[in-house]
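J.: Pasting a structure here, questions to come.
The values are calculated or read from the model by the stated rules, or taken from the named source; none is laboratory data. This is a predicted model, so every value here is computed, not measured. Here the Cβ is made from the backbone with ideal geometry for all residues, glycine too, and neighbour counts use every protein chain on show. Surface areas here come from the heavy atoms of the whole protein model, side chains and all, with no ligands, DNA or RNA. Shrake-Rupley method; radii C 1.70, N 1.55, O 1.52, S 1.80 Å.
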Amino acid sequence: MKTFLAILFITVATLPVAAQSAAAAVSPGFQLALPGYQWNFPRDHGAHPHFANEWWYWTGNLSGAHGQRFGFELTFFRVSPNPDAPLDRDFYLAHFALTDVAGNRFFFHERSRRGAWGQAGVRMVAPGPNAGLQCGAHSGLRLWNENWTADFLSSGACHLQARWGDYALDLQLDPHAARMFNGPGGLSQKGPAHGQASYYYSVPRASVNGVIEFAGSNTQVTGAAWMDHEFASNQLGTNQQGWDWMGLQLTEAGKPLDVMLFNLRDTNGSRDPYSSGTCFVEHSGRSPSITTWLKASDFKISPFLWWRSPITRARYPVAWTVEIPRRGLKLQVRAAIDNQELRGGGPGLAYWEGAVVVKGTGPGGASVEGRGYLELTGYAGQLRITTAHPAGAH
Amino acid sequence: MSAREWSVAWKTLVARPSRNERGRTALAIVAVALAIAVVVAIRMANRTALESFEQTSRAVAGRGALTVHGPTPISSTLFPRLRWLGAYAEAEPYIDRYAYDPRAHDTLELLGLDWAAEVAHHLPLNRNLIAPGSRQQRRAAVLLTSYYAQRYHYRRGDWLPLVLNGRLVRLWIAGVLPQSKLATAQSGHIALMDVAAEAHLLGQVRGAPLRFDGLQLRLAPGVSEPWLASQVQPFLPADDHVEPAAVRRRQTEKMVSAFAANLRALSYVALLVGAFLIYNTIAMGVVRRRTAIATLRALGASRRAILAVFLAEALLLSVIGGLAGLALGRLLAGLALHLVSMTLNALYTVTHPKAVRFTAGDLVWALILAVGVGLISAWGPAREAARVAPAEGMRPGLYETQFAVAKHRWLWLGLACALLAAVCAKLPAIGTVPFWGFASALMAVLGMGLLLPFAVSHLLRLGRSRLLDPASAAAGRNRWWPLRLSLGLAAASLLSALRRTSVLLAALTTAVAMFIAVAIMVGSFRVTVSTWLGETLRADVFLRARDWTRSNNAPLPREVLRQLERLPGVGAAGEYSAVPETYRGQRIFISTAWSRDLESGRRNVRLAGEASGPMHRGCPLRFLRSAGDWNIWRRGSRRGEVFVSEPFARHFDRWPGRQIQLPTQAGPQKLRIAAVFRDYSSSQGYVFMNLALFEKLYGKPLASSAGLYARPGMTVERLLAQVTQVLASMPGERQALTVNDYQSLWREALKVFDQTFRVTWSLELIALAVAILGVANTLLAVALERRRELAVLLFLGATRRQTRRMLLGEAVWIGALALLFGTLLGVVLAAILIFVINVQSFGWTIQVHAPWTWLLPACLLVFAATLIAALGPAGVAAQVDPVAAVRVE
């Protein structure tokens, strides 16, 4: 949810329309996220141009045949900084990162493009004789930013491809993974005002099969990916300093349990009451999926280890204790490696996002463990929203 | 050599004499200082001018490792096909133009970058560029450098008027660029805006695919530049190129370097003159201290000590002179830079050099040059000093005759040099630097220096025998006799010191020759250009976009042109267009011109009233080898042939009958050259074709300049008044256009020409000043050295007036001989400059046209200056105390 960054960035940079005004203001021509949205898949995997901001992102923990561990991140953002100027209507930002846990190495690259010239975009490709020409071997929905692509195939599977120099990924994601909605009806409330919310769903656990290339060497990998898709026009009127987000894929007594938490930090250091989370138990056999929505008061998280970036001098809390009393969970979340800092877009806009390892106990002291991704924003100095621009977080 | 031996030798041979001859030592130092100052000033000015190119190319083009550019714009429709490129490089479109700021009267480089791509590239562009403001403001948002904003008092939120592509536009200053590499480009004369906004400002249609000047490619780590270039090339228009980013500006840099090399070569002339003078100073020191040397040798001083002492003297002179020269050079450099950058802007491209910077390299270079020249020129005399035998040296009066002048050997050496000069003149240039041309000039100078002893001794002997001829002396003791006598005695005296005379003459001759050569070259060039301008500028009123420069081919706004053509005073109109192209890796221009009779509407017609002129108005060109211009033009055009400018023909060695392959819109085309035309407006090549062919190959041209012809019976003044009146009603256009009548354009062109050669002139004048200082210095030495001889003359009944006149007589001989040989050498050097160096550097043929009308008076002035320089030494000669002078201690 570098969304926060991306949007902050774009709004500071380019968005004059909503400028200076109150949080409740919304750019003309955009819709607000309100209750009662009718979800429709696969259409809703695609773009929602009536909303100012939208992002898709994939993270995941992968293993090679010889036990090598990797983390990956591939994210696509769409922002409409200036809806009435055709050339500036759509702006696309993308991040690609790989973590080599054993080698303690981290790679990332950031890319940004206008949508107007076809360098980046989101498009439905109808199955047909020409589909192959336009979209590789696929037909369905494609997200792309230059050569980085995410294809939602007609089978329901997802295909991710990205390369920057000697770093690449080519991953097939399981078509049968379940969706989880973050908030009732997929509406994630971010503040008290009308429409101060986003539409937000996740595919928290998709099995992955594919290849990654790290510094020129290829590894066949398998693992689990987490996908988030969120869109909104004005979900946060913020005085936020930043937030901490985590998506954890746990095994509790042999059963999968997925947990998403985000903790909004206000500039005065307090925790925002609209921090929230989701617990999700995927359906198995006959038993249906169980989704539990968590309010700020339902969970506690606190850091206990910090790492200082040698480049930005930012101090990131890279290990956390998490308590969800309602579920009887007590967890320790630790970075797989310390340095997973992304420095994009300019000074003050660095953040940390990386693979984590989770250990803890469930109800009755049973062992719980797993993996996940952690995102930490607002630690690198000047990340500060001075005026109330629209900005977003999960 | 012991310390004591050294100190005694130093005191006797250098310290004491120098103290007694402070004036002479000072003159020698001043001469060295001037010579070094010239070299240092030119070096600094050149470096600063070139650095400004390098810095700009690093800051702008160097942002990406590769650039895609070419005559065909890159369309935004290309992007979807280049998505694969994202794996290896970030590609960002750019538009890079020059614009003219009519408020500040300055030029700006307006660089359009893709703000969206910049978001990920850490540029401050995104921060401010599309800052809060109205839609109109956002569309014209620009970032200025803090330098430019401060210099011209612009603030954030102000509107910035700019003439861009022939139109007045208003840009909105969204912010000031913080200090960054990019902000140092063009020394701060740069502004950034969004590439799409700039495209729209340039008149591209909103909603249609945009056209960019090129792409900047930032490569992923580990990706090979040549490999990626080869992968990208197939996707590009045929005539576009993928090149390392710096190459594009390097083309300009290369031309500018050639220009800088020429200046540097000229600056060394002053140094050469300086070298002659150091040689002379030391040589005379040796002569005058022969007795002292001999005494020291008799007292046991070694040859090495004598050698070392004289070399040390030279070293001291050069170091002091070098340091003084450095300081003076630093002062002159600012002026030189001003002149150099004016020339570069006029001839090549827009450049904004920053202030001259003094580096440790300059210090080292100045000292190396000064010491090197000092030691090399002192080596010969110092060795002679070391060879002085104790006995012979102590005999007074034997000095000069002891130096056997091997003038015949030198004669042969001199002839060999002359031969080498002739050979070098035939060798081709290395790139555009006429290395062999300079070598040829140097050989000619050396050759003349070596021939001088022989020639001078003959002339002086002839003069002496004629003037002092006993028969005629007895016969005609008329009122001219005193003059004849002093001239004759002076000749004899010079002859007895042939070596010293020859060296002094060599210095003065070289300076005079260079002066005359440059005068002939520049004078010829000026007449040639002036004639050519007269023949090619045929219209009465000329129009041009204010932001037009050689490297920024801004078109004239068409509707304004049409409106002006409809004026009642206009009988016909001509338009001219040139587009940049690349031919064999070099920038050239494809140009065309057309004229219309506004009544009949017919194109390229012979216009009324033209037949009487030397040139048909319908034919826009002057051809190299023929007068029948109109027919060559018509015949070539009918056959679909092209015409190339003389610099093009020479540079690429393409002459009539040959084919050239040009990139065109329809792919590469082979075109035959019909003729070569004269073009002094640019040393870059031009290919000219008629309108029909141009339209076929490159599409409809946009006029970059236009000429209006007055209707018969209409005066130019009235036509100009009409044009000015129309423009006054259009304030935007008035600021965007430059309007000239024939006279003022002609004057402006010649002004640019004169500016170009101002540096050259300054250099030659300084060399001449150095040489004349040398004359003063030498004659002063003569006066001091011959005190004993003069004293004897006084005892024999000569008056002080006569001794004084004798010394002036030497100055007359020196001045006259220097002018004689200087003119001879000057003509040779002028020929080398005109026919070798100029042709090789710029590709221009110049009609020889020596400016004797002012060159003769100038020569007389040099002669007078020599005499004036001799006045001081003559005064010294007149004040000799005969008793003291003949006393032998």
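J.: Of the residues A:Asp84, A:Asp100, A:Asp90, which single one is modelled with pLDDT under 95, acidic (Asp, Glu) and more than 23 Å from A:Leu141 (Cα to Cα)?
T.: So the residue among A:Asp84, A:Asp100, A:Asp90 that is modelled with pLDDT under 95, acidic (Asp, Glu) and more than 23 Å from A:Leu141 (Cα to Cα) is A:Asp84.
J.: For residues that are at pLDDT 90 or above and assigned to a loop (DSSP other than H, G, I, E, B), tally how many sit in segment B:225-242.
T.: Number satisfying all stated conditions: 0.
J.: Yes or no: segment B:510-517 includes at least one residue that is farther than 19 Å from B:Ile846 by Cα and more than 25 Å from the chain's Cα centre (by Cα).
T.: Among the residues of segment B:510-517, not one is farther than 19 Å from B:Ile846 by Cα and more than 25 Å from the chain's Cα centre (by Cα), which makes the answer no.
J.: Inside segment B:148-157, can you point out the residues that are assigned to a loop (DSSP other than H, G, I, E, B) and open to solvent by 40 Å² or more (accessible area, probe 1.4 Å)?
T.: Of everything in segment B:148-157, those that are assigned to a loop (DSSP other than H, G, I, E, B) and open to solvent by 40 Å² or more (accessible area, probe 1.4 Å) turn out to be B:His153, B:Arg155, B:Arg156.
J.: A further question on this structure: Tell me, yes or no, whether segment A:220-238 has at least one residue that is at pLDDT 90 or above, open to solvent by 30 Å² or more (accessible area, probe 1.4 Å) and in a strand (DSSP E or B).
T.: Within segment A:220-238, one or more residues are at pLDDT 90 or above, open to solvent by 30 Å² or more (accessible area, probe 1.4 Å) and in a strand (DSSP E or B).
J.: I'm checking my understanding of the structure. Among residues of segment A:91-104 that are among the aromatic types (Phe, Trp, Tyr) and under 19 Å from A:Glu353 (Cβ atoms), which one is nearest to the other protein chains (Cβ to nearest Cβ)?
T.: Filtering segment A:91-104 for residues that are among the aromatic types (Phe, Trp, Tyr) and under 19 Å from A:Glu353 (Cβ atoms), the one nearest to the other protein chains (Cβ to nearest Cβ) comes out as A:Tyr92.
J.: Using the structure shown, decide if A:Gly344 is modelled with pLDDT under 95 and open to solvent by less than 10 Å² (accessible area, probe 1.4 Å).
T.: Criteria met by A:Gly344.
J.: Can you give me the ranges of the strands (runs of 3 or more DSSP E) entirely in segment B:629-705 with at least 3 residues that are surrounded by 19 or more Cβ atoms within 10 Å (Cβ to Cβ) and under 31 Å from the mean Cα position of the chain (by Cα)?
T.: Result: B:642-645, B:669-677, B:686-688.
J.: Here is a further query. Name every residue in segment A:149-199 that is of a type in the set (Gly, Ala, Ser), part of a loop (DSSP other than H, G, I, E, B) and out of contact with any His (no Cβ under 9 Å at 6 or more places or on another chain), in order of residue number.
T.: A:Ser155, A:Ala177, A:Gly183, A:Gly191, A:Ala193, A:Gly195
J.: Condition check: more than 21 Å from A:Gly165 (Cβ to Cβ) and either modelled with pLDDT of 90 or more or part of a strand (DSSP E or B) (or both). Does A:Glu54 satisfy that?
T.: When the stated conditions are applied, A:Glu54 passes them.
J.: Is there a residue being within 36 Å of the chain's Cα centre (by Cα) and of a type in the set (D, E, K, R) anywhere in segment B:558-569?
T.: no
J.: Are there helices (runs of 4 or more DSSP H) fully within segment B:432-545 with at least 2 residues that are touching a His at 6+ places or on another chain (Cβ under 7 Å) and open to solvent by less than 30 Å² (accessible area, probe 1.4 Å)? List them.
T.: Passing ranges, in order: B:498-536.
J.: Okay, moving on. Within segment B:217-245, work out how many residues are touching a Pro at 6+ places or on another chain (Cβ under 9 Å) and within 14 Å of chain A (Cβ to nearest Cβ).
T.: 1
J.: May I ask you to list the residues in segment B:207-234 that are among the aromatic types (Phe, Trp, Tyr) and either surrounded by 15 or more Cβ atoms within 10 Å (Cβ to Cβ) or touching a strand residue (DSSP E or B) at 6+ places or on another chain (Cβ under 6 Å) (or both)?
T.: Matches in segment B:207-234: B:Phe212 only.
J.: Counting only residues that are in contact with a Pro (Cβ under 8 Å, 6 or more places away or on another chain) and either of a type outside the set (A, V, I, L, M) or farther than 23 Å from A:Ala197 by Cα (or both), how many does segment A:243-273 have?
T.: 5
J.: Please verify whether segment B:13-20 includes one or more residues that are buried (at least 24 other Cβ atoms within 10 Å of the Cβ), at pLDDT 75 or above and not assigned by TED's automatic domain parsing to the domain that holds B:Glu581.
T.: yes
J.: Taking B:Thr866 as the residue in question, decide whether it is of a type outside the set (A, V, I, L, M, F, W, C), in the same structural domain as B:Asn777 (by TED's automatic domain parsing), part of a helix (DSSP H, G or I) and surrounded by 16 or more Cβ atoms within 10 Å (Cβ to Cβ).
T.: So B:Thr866 fits the description; yes.
J.: With the condition kept exactly as written, say whether any residue in segment B:841-858 is open to solvent by 20 Å² or more (accessible area, probe 1.4 Å), under 28 Å from B:Asn280 (Cα atoms) and in a helix (DSSP H, G or I).
T.: no
J.: Go through segment A:71-90 and report how many residues are more than 9 Å from chain B (Cβ to nearest Cβ) and over 19 Å from A:Phe231 (Cβ atoms).
T.: So the count comes out to 3.
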